[in-house]
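Visitor: One structure coming up, written as structure tokens, with questions to follow.
The values are calculated or read from the model by the stated rules, or taken from the named source; none is laboratory data. Computed from a predicted structure; not experimentally measured. When we count neighbours, we look across all protein chains shown, and the Cβ atoms used for this are built from the backbone with ideal geometry, even at glycine. Keep in mind that these areas ignore ligands, DNA and RNA; they rest on the heavy atoms of the full protein, side chains included. Shrake-Rupley method; radii C 1.70, N 1.55, O 1.52, S 1.80 Å.
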Amino acid sequence: MIDLRSDTATRPTPEMRAAIAAAEVGDEQKREDPTVNLLERRVAELLGHDEAVYVPTATMANEIALRLHGEPGDEVLAEESSHILVAELGGPAAHSGFLTRPLPGDRGRLTPEQIRTTANTFEDLHTPRTRIVSIENTHNSSGGRAWQLEEIRAVADTCRELDLRLHLDGARLFNAAVALDVPPSEIAAPADTVTICLSKGLGCPLGALVAGSAELMQRARRYKHFFGGAMRQAGIVAAAGVYALDHHVDRLAEDHARAKRLAEGLAAADLPVEPDEVETNFVQLDVGPIGLTTAEALARLREAGVGFSGTVHPTTLRAVTHLDVTDEDIERAIELAPGALTGALARA
Ligand SMILES: Cc1ncc(COP(=O)(O)O)c(C=O)c1O
């Protein structure tokens, strides 16, 4: 199968496996693992923050970051289909006792005006205090869309003005940086805390980091342990992260070009795909107009040898390009997908 379900599908390359095999390791809980320490320094520098803390998953990084910024009863504002709201099992409520307020977004983005008009920044005796704004870049549910730098800066300025903390779920921040052709720090520095994920476009088997000020990261290390994420000889996998920073960031442009080509090929075959909306490595396909349910469309594609996946939108499928997808895979998917989907229509 040509696996376009997610960029989490990658397997470590032989070179990454060699880096893993050669890793120097130590007790990570005691901060004695040189490879984890190196990875943390590299990521902090890339993101323009004092420190970064290595954790197993981006979900854990997000949940630790949010926990740092408030107390039970405080409110988090986030775009309604953001990962922290739709795919972390109520983590902000369960781990931190936060209320979450979902806001409608434009391509996954919130505006300063929305934040200004929604946030409860006064503290009377009846109103939950809005404390945190959480944004996502690239934004998964809107199809890997990337925020413009001015938009992030404007939101960050508003948060500062209103004394709100800004968290950036940058699980795919490097995709955004490559798409905008800016250093990752330009995107990450305006936020108080930032998550990045190594197991998506960067092709690592696991791992994520949360970055922020030295004071916040000292507390983050305590929550990492509290949430059960403090590890031992984690340099074994952190070595994959160091390798990926050296070899798998610039090449994300290839994933983006392949996603664009896929979108153009599918649109040329009259499938409901908008190539102009493809900014990074996601392609969205609306099966509603074809007259198929998501489940039917996914089954047909799979039968034809192409793996797409569903999204939070009831009739929208997505295809995601990544390290293990070649130009030939994309051309083959362009050949197979239209027949699988519109053939279904002809038979219906
Ligand atoms: C935007 C975003 N944030 C966070 C995550 C969580 O990543 P993980 O599976 O490493 O917990 C994902 C995973 O798909 C994601 O898309």
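Visitor: Can you give me the accessible area per residue for the range 121-174, using a 1.4 Å probe, in Å²? The partial results should precede the final answer.
Guide: Working: 2040 Å² over 54 residues.
I get 38 Å² per residue for the range 121-174.
Visitor: Could you do me a favour and compute the accessible area per residue for the range 248-348, 1.4 Å probe, result in Å²?
Guide: Each residue of the range 248-348 exposes 44 Å² on average to a 1.4 Å probe.
Visitor: Decide, for the chain, between rounded, prolate and oblate: order the square roots of the alpha carbon gyration tensor eigenvalues as a ≥ b ≥ c, take rounded if a/c falls under 1.5, and otherwise choose prolate if a/b is larger than b/c, else oblate.
Guide: Working: a/c = 2.03, a/b = 1.28, b/c = 1.59.
Since a/c reaches 1.5 but b/c is at least a/b, the shape of the chain is classed as oblate.
Visitor: Loop only by DSSP, 12 or fewer other Cβ within 10 Å of the Cβ. Give me the GluC sites (Glu not before Pro) in the range 111-141 that pass, ordered by residue number.
Guide: On the way: sites: Glu113, Glu123, Glu136; in loops: Glu123.
Passing both the DSSP loop test and the Cβ count: Glu123.
Visitor: Please sort 269-275, 319-325 by packing, taking for each peptide the average over its residues of neighbouring beta carbons within 10 angstrom, highest first.
Guide: On the way: 269-275: 15.9, 319-325: 24.1.
So the order, starting with the most tightly packed, is 319-325, 269-275.
Visitor: Take each of the peptides 82-88, 152-158, average the number of other beta-carbon atoms within 10 Å over its residues, and list them starting from the highest.
Guide: My ranking of the peptides, most packed first, is 82-88, 152-158.
Visitor: Out of the total accessible area of the chain (probe 1.4 Å, heavy atoms of protein only), what percent is carbon and sulfur? Before the final figure, lay out each step's value.
Guide: Working: 7280 of 14460 Å².
Roughly 50 percent, rounded to a whole number.
Visitor: How many percent of DSSP beta bridges within the chain run antiparallel, rounded to 5? Working shown, then result.
Guide: On the way: 19 of 39 bridges.
The antiparallel fraction comes to roughly 50 percent.
Visitor: Can you tell me the accessible area per residue over the range 50-116, all protein chains present, probe 1.4 angstrom, in square angstrom? Numbers along the way, then the final one.
Guide: Details: 2550 Å² over 67 residues.
Accessible area per residue: 38 Å².
Visitor: Another question about this same structure. Return the whole-Å distance between the Cα centroid of the range 260-332 and the Cα centroid of the range 1-44.
Guide: 30 Å
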